[in-house]
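Just so you know, all these numbers are worked out from the coordinates, no wet-lab data involved. Keep in mind that this is a model prediction, so the values were computed, not measured. Neighbour counts run over all protein chains shown; Cβ positions are idealised from the backbone, glycine included.
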Amino acid sequence: MIIHKSCFMKTSPYYLLLIGILGAAACSKNNDSSPVLDRRDATFMVVAAQGNVNEITFGKLADSISATASIKTFARQMVTDHQGALDELLGIARDKTLGLDQVMDSAHKIIYPKLGALRGYEFDTAYIKGQVRDHQQTIDVFQFQADSGYDGRLKAYAAKYLPVIRMHAKHADSLAALYPQ
């Protein structure tokens, strides 16, 4: 006897069990202890982790290359604040048994060597203008997660760090004003 796959999928008790498990997981998406994440929440985690790694990596670069005290101070603050935010996010990922890579996004991987080749005023200008852009984009991502995310811990994480990101953006804006194009 030949069993057609489409018939098996429609009538198999295993298929029905799978549907039940997926349905239960979907109903519990606001459960903070649930390891199951909505795709948007999982995407937020990846984007937030990459953003933190970008800031840490670029902050270390700016601290080592810039000769300007205000840029170096800002860069060190980025490293400290974003390392704390990354550590907290990695803790959430561990609790949800999720592996979260600690890598820069592809755009920043391309920008990094170009920025690293600059010196003096050119470096400071490019670095701080990038910080203004990156923090504005990050505000949008975190605001969306705080307002529309499903996972309670990730919503709280986004809401907690929004004021810090806004403070970074304001600080970057004030420094960027010193570097007109």
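A simple spin-label model places the labels of I110 and Q137 1.1 nm from each other, with each point 7 Å out along Cα-to-Cβ.
Rounded to the nearest 0.05, what FRET efficiency is calculated for D101 and R166 with R0 set to 25 Å and r the Cβ-Cβ distance? That pair, D101 with R166, gives E of 0.40.
Note on the stretch 44-162: lysine pairs with Cα distance below 19 Å, sequence gap of 8 or more or different chains, count 9. Note on A156 and S70: their simple-model spin labels are 3.8 nm apart, each label 7 Å out from Cα toward Cβ. Taking 0.36 nm per residue of separation and subtracting the current Cα-Cα distance, fully stretching the chain between D173 and Q77 would add 33.1 nm.
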